[in-house]
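None of the figures in this text is laboratory data; all of them are computed from the coordinates on show. Quantities reported herein were computed from a predicted structural model and do not represent experimental measurements. Glycine gets a Cβ as well: all are built from the backbone with ideal geometry, and neighbour counts include every protein chain shown.
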Amino acid sequence: MKNITDEIIAKANEIILGKELQIKLALACLLAKGHLLIEDLPGMGKTTLAHTLAQVLGLQFQRVQFTSDLLPADVLGVSVYDRNTANFKFHPGPVFTNVLLADEINRATPKTQSALLEVMEEAQVTIDASTYALPQPFFVIATQNPSSQIGTFALPESQLDRFLMRITLNYPDTASERKLLQSNGGRDQLKKISAAIDHKQLQSLQTASQEIYVSDSLLDYLQGILQYSRQSSHFNAGLSPRAGLGLKQSAQAWAMLAGRDHVIPEDVQAILPSVAGHRLVSNSTFSSNSEHIAQLLKAVAV
Amino acid sequence: MTSQLKLQPNQFTIHWLLISLGITFTLFLFHLSNWVPASFAVFALWRYLIAKNNWPYPKLWLRLPLTFAGGITVLVTYGSLFGRDASVALLAVMIAMKLLETRTKRDFIVMVLLSYFFTVNILLFTQAIWVCLAILFALFGLTACLISASRQSASSKHPATWRVEAKLAGKLLMQATPIMLVLFVLFPRIPGPIWGIPQDAYRGMSGLSDSMEPGSINQLSLSSKVAFRAEFKSTIPANNQLYWRGPVLWHQEGRRWTMTSDKINLPTESLETFGETSNYIITLEPHNRNWLLMLDLQDTNPPDTLPEDATIKHDRQVVSKQPVRTRIRYEGRAYLQYKLASKLGDHERSLALQLIEDENPKTRQLANTWVNQQKSHVEIIQAALIMFRDQPFIYTLAPPLLGNQPVDDFLFNTKRGFCEHYASSFVYLMRAAGVPARIVTGYQGGELNPSGNYLIIRQSDAHAWAEVWLQDQGWVRVDPTSAVAPSRIESGISTALSDSDLLPLLSRQDYPMLKKLYLNWDAVNNGWNQWVLGYDQQKQLALLKSLLHRDIAWADIGLILMAVIIVLMLLISYILLRNTVVITDPVKKAYLKFLKKLSHVGVNKFQHEGVIDFGKRAAQQLPKHSSEIEVISALYSSIQYAKPTTTKTKENRIDNHAALQLLKQLIKKLTLT
Amino acid sequence: MANSLNLPSDFKLSSPKTWFRAATAVNSTVLLGRKHLYILPTRFGWLYSLLLVGLLVGSINYSLSLGFAMTFLLAGLGTISMLHTWRNLAYLKITFRRAKPVFAGEIAQFELVVANENNFARYNIFASFTGGESDVQDIAALGENSFKLSLISQKRGWLSAPRVRFSTEFPVSLFHVWAYAETKSQCLIYPNPGLPSQRLPSADADGASGQLSSSQGDEDFAGHRHYQFGDSPKRVDWKASSREQGLLVKQFQGEATSTLWLDFNATTGSNLEQRISQLTRWVLEADKQALKYGLRLPQQSIQPSTGRNHYHQCLTALAIM
């Protein structure tokens, strides 16, 4: 199993240079059956990352550019009256895919945002009393420009909770950047890349991830973290039980990527900033959230 | 805080209180007027029903008259509100009544503290072993009650359970025991009393009195109470030598014999001694009189062989300055062969011949016939003894009443009597015949306790005999009882009496099992008396001397006490107060050892650091030991976080127990430089 | 809601007794250590010692050896109970939970989580702010429990929790052990909102507040919302309103919601506090009506938005202004 995941990561690494950590996090998120939010400035390779992942995993890929005039129907699909059959016919929207890249999700109106987020939660679309199941696996990668840009609708915290992880890509290091500049950019190579696994393998990977052993000692540690986040005066609100579950599942996936059959605290520490960062709302405006998360990690004994 | 004190306690609190007070009042049952424990029973039941059925508490208009009535009843019963019995009774009644207004936390605490005080008061009346045990139970219950009352609080979510309270009370008392022992042994004992003791304090102590009349000793003989115990350092003398000297009676007045007045100043009778001494130690039960019982005859050469604070009277009776009100221990040294008072002064002679005129004409006549027969003093004595032996005199505990001429009546009519009858009539006869004579009272014999190798002398061993003064021989002991019932003197009172006589059960010969049990119990009791109840300043000093091998000044005991208490308190405090964060997991314990080793060489783990991460960091810092450190870290991590192996996969993975052993070994072997 | 609580005007916290050393927070946890515990006998303790002296004197007077023994046993009990009382409070670990922000005049509730890391249970632990109401809890062995302490807030801004007094008299009420815990816990006190009658500035009006639309389109009908004072009559959907109860306003895509600017300069109060009070009321109202609103203060302005987070952000800005 380690071979498979290593291969996936290696392949993705060829396209997205110098971003192994982010690739692993994204993969872990997907293996834990969670949705991913990438937050960064434009041009950092968000779309490429999403596309690459889909390609490597052999998944169908759809991209929707969110704008302020995008309606829920544009994403979900619409029922149209068919004169020939005298019936309403459902035209599935782009959401009917394996990997949906919701680009710049914060540009869409809250209405459209919430429509998408409901689909993310339920993995099905309900229109006019009919329910349409989405293909499995279903994985949303949303990108978002950092807020405080005029004309955007930042996702409210209740919606943010639906994303298992939030990652940032940041600027590449000099070596990777040079390599990038020497090539024509990753997008060209995307077409060449072949799938490393098929659907079935992916699903078995997901199942295997859920079976990674979590000991009582580790649960103690996890609960320590949850407890602290709720007690600490640094945060406006502590981590929800859903966040706790997400932490566990992500740590399991991370342990699997490391080729271990059990979770250790280091796994939790590795994924915590990504899983908890967007759920914890810091109290003060003076220090950044990541500092508080570092503090949280320091305060809880292993 | 004050509002907390007004909280109503739970049901266990009142149960604890009622049970412990129940024990205490049961103990007092034998020592206070019956109505006192009875009133407690009534109020306790009332209070119990209040708690059980949620009855209203009695109002002030009911409580006030009740309290008043209680006080009055004590006053009427005891004739006063002061004095030992009356004040204890008053305290008892007040505590019983206070039950009816004990409802809040504060009430309970005050009640328990008063009850502690009250319970210990039983010791004024008795200090027996079983009483001590009962007191401990009562104190335990009271402590549990105190804990229960202290636990009450508005938001206590955990229901108070009696088990928690009982456990904690037991724990507190157990932990208090070492402190108690140290204080008991080392607290400087000041001989009391500090102030006067109420008159009624020693009621109920029995023993020989300063006078004798027919019936007074056989009254005493009905009691199996221990009078004193005697341990002999050498062999125990034969039973017929065991005459324990008490009051010597000189003065006859009707049927009553009394001691010489203290105002008469007579020289102490001279003493010549022969043969071996007999050394012994007596533990005398309190009898509220001055006499110290001594084996005939106590040596007084040099005079400091006498017990401390004791003097000797002219007739060689040993008395203490203070009445014996606590159990005391003293040594004696006796010569069984002696010659007492080789010369008899005129004054003594007149005292030894004193008789009230015109009484007992028949006896006087008998004496006169012996005098007229020109008999010597020795022959007169023999004639009297032969009379006792040959005529049908009977030794009995139940003699008939004597008439106006008691000696005549006894010698010529009833002929049934106890030792005092024989002794008094014999001395009367002697005096009437012109032989100087006197009565000696005391104890005769004693029962050997094989469990402790000492003699138990009971009140039933009380005896009276005669001494006559003979030229060249001085005062000679003559025991007329031995003429009537020789076995009384040879082997004890139980053989001398017929079974129909009502001797106390334990003085009788039958029931050997019971007797043996009793003797064992008495040995325990004797130890208790010697070492617990009899522990006084003298014993304290002796004990310290034997422990420290040097003389200890009384004032130094305080210093020793301070030192020992401080050490003890430090020890207890350390045990109780150290911050013990318990680690029961052996795996974690082993790993902590590993961390300790690393921290000795300056590599410390952050609390938040993962085990593997730390292992890597430590390996980097200590490249020499990197492999061991990494193996230990990986092993610990896998024990802690990996799935416990099932039996199926035993071959390819070590099970947890083996892993733990391996971890321990690796950590033990790890030596960092 | 804020004015429903009547405060005594002379309410003041008594100043903490500074001569007692208080335990301070390390890593946001306060440990009640050896140095922080103080102990004195209670009045029951004094009564108890008096009774012991009585028993001792009695034992000496009557030469009661067993009386000595029992007196000493009780003395030992008292001494041991002192240690147990001390132990009942020692080494507790206190963590402050974040206090939820309240409006000035309301009761700020601080929650303390007290953990017992030893394997014996603690009973009857009292916690209180100096002079305040106390909370009593038991703490199981190796367990934890939380205490809730209230403080009446007076003015906006950060309300620092005073030192907390922990005490206990368990197990036998003969000794009182106490300790102070100094914490850096704070509760944010939002300004007292003015009276509800102060109405919201109109979204359309000029000056006091302005409308900001991200895209000024009327093209795409999106739905209805309830009429708010100040809505343009043109937007009222009269047909729909006749069917429903109350007035309904048409909303169009691209407009989202009307955007309010709550401007400090538009307030009418005579002093700073009154103005802040009014702004607070406006934030409350705007949030209640789910409007999109922004806040413009002399040194700071908050971009228009909606949601709980934004609401708290605005109130925080007002509180610490």
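Observations on the model:
- Measuring how big the protein assembly as shown is from its alpha-carbon positions, Rg and Dmax come out at 50.2, 172 Å.
- Across A:Lys2/A:Lys33; B:Lys593/B:Lys616; B:Lys105/B:Lys167; B:Lys171/C:Lys35; B:Lys167/B:Lys545; B:Lys339/B:Lys362, pairs whose alpha-carbon gap is larger than 28 Å: B:Lys167/B:Lys545; B:Lys339/B:Lys362
- Its Cα gyration tensor gives region A:1-107 an equivalent ellipsoid. The semi-axes, each the square root of 5 times an eigenvalue, are 32, 17, 10 Å from largest down.
- The magnitude of the dipole of chain B, with charges of +1 and -1 set on the Cβ of Lys/Arg and Asp/Glu and taken from the Cα centre, is near 4800 debye.
- Simple point charges give the picture: +1 on the Cβ of Lys and Arg, -1 on the Cβ of Asp and Glu, and for region B:286-336 a dipole about the Cα centre of about 280 debye.
- Estimated dipole of the protein assembly as shown in Debye, rounded to 20 [Cβ of Lys and Arg +1, of Asp and Glu -1, Cα centre]: 1840
- Simple spin-label estimate for B:Ile129 and C:Arg296 gives 9.9 nm between the two label positions (7 Å along the Cα-to-Cβ direction from each Cα).
- Residues C:Ala121 and B:Trp521, FRET efficiency given R0 of 51 Å [Cβ-Cβ distance, rounded to 0.05]: 0.75
- For A:Tyr228, C:Tyr311, order by how many other beta-carbon atoms lie within 10 Å, fewest first: C:Tyr311, A:Tyr228
- Label point distance in nm, B:Leu547-B:Lys167, each placed 7 Å from Cα along Cα→Cβ: 3.4
- B:Ser350/B:Gln382 FRET efficiency (R0 25 Å; Cβ-Cβ; nearest 0.05): 0.50
- Cross-link pairs A:Lys11/A:Lys248; A:Lys248/C:Lys100; C:Lys93/C:Lys148; B:Lys588/B:Lys624; B:Lys605/B:Lys643 - those with Cα-Cα distance over 22 Å: A:Lys11/A:Lys248; A:Lys248/C:Lys100; B:Lys588/B:Lys624; B:Lys605/B:Lys643
- Distance between the modelled labels on B:Ser261 and B:Asp309, one decimal in nanometres: 2.9 nm (7 Å Cα→Cβ projection).
- Using alpha-carbon coordinates, inclination of helix B:554-577 to the longest axis of chain B, degrees: 30
- Burial order of peptide ranges A:46-54, B:261-269, C:167-175 (average beta-carbon count within 10 Å, highest first): C:167-175, A:46-54, B:261-269
- Most positive-pole-ward Cα, B:Ile565, A:Val75, C:Tyr311, against dipole of the protein assembly as shown from beta carbon charges: A:Val75
- Qualifying aspartates and glutamates (Cα of each under 13 Å from Cα of C:Lys155; at least 8 residues distant if same chain): C:Glu106, C:Glu273
- The mean number of Cβ atoms from other chains found within 10 Å of a Cβ in peptide B:120-127 is 6, as a whole number.
- Each Lys or Arg adds one and each Asp or Glu takes one away; over the other residues whose Cβ falls under 15 Å from the Cβ of B:Leu60, this sums to +2.
- Under 18 Å from the Cα of B:Lys59 - aspartates and glutamates, other chains or at least 8 residues apart: B:Glu101, B:Asp107
- Formal net charge of residues neighbouring B:Tyr443 (Cβ-Cβ distance under 15 Å; K, R +1; D, E -1): +1
- Using alpha carbons only: equivalent-ellipsoid semi-axes of region A:209-299, gyration tensor based, whole Å: 24, 12, 10
- The calculated FRET efficiency for C:Val57 paired with C:Lys155, based on their beta-carbon distance and R0 = 45 Å, is about 0.15.
- Scattering curve values for chain A, log₁₀ I(q)/I(0), Debye with Cα scatterers, q = 0.09, 0.14, 0.16 Å⁻¹: -0.46, -1.11, -1.40
- Radius of gyration over Kirkwood radius for chain B, both on Cα atoms: the Rg/Rh ratio is 1.18.
- Convex hull of alpha carbon positions in region B:381-485: directionally averaged projected area 8.0 nm².
- Of all lysines in the structure, the ones whose alpha carbon falls short of 27 Å from that of B:Lys515, not counting any fewer than 8 places away in one chain, are B:Lys225, B:Lys233.
- Residue-by-residue Karplus 3J(HN,Hα) for region B:219-224, coefficients 6.51, -1.76, 1.60, Hz, glycine and proline x: 4, 5, 5, 7, 9, 8
- When you restrict to C-alpha pairs under 8 Å that are six or more residues apart and normalise by the size of region A:2-184, the relative contact order lands at 31 percent.
- Positive dipole terminus of the protein assembly as shown, leading residue within C:Gly269, B:Thr326, C:Ile189 (C-beta point charges): C:Gly269
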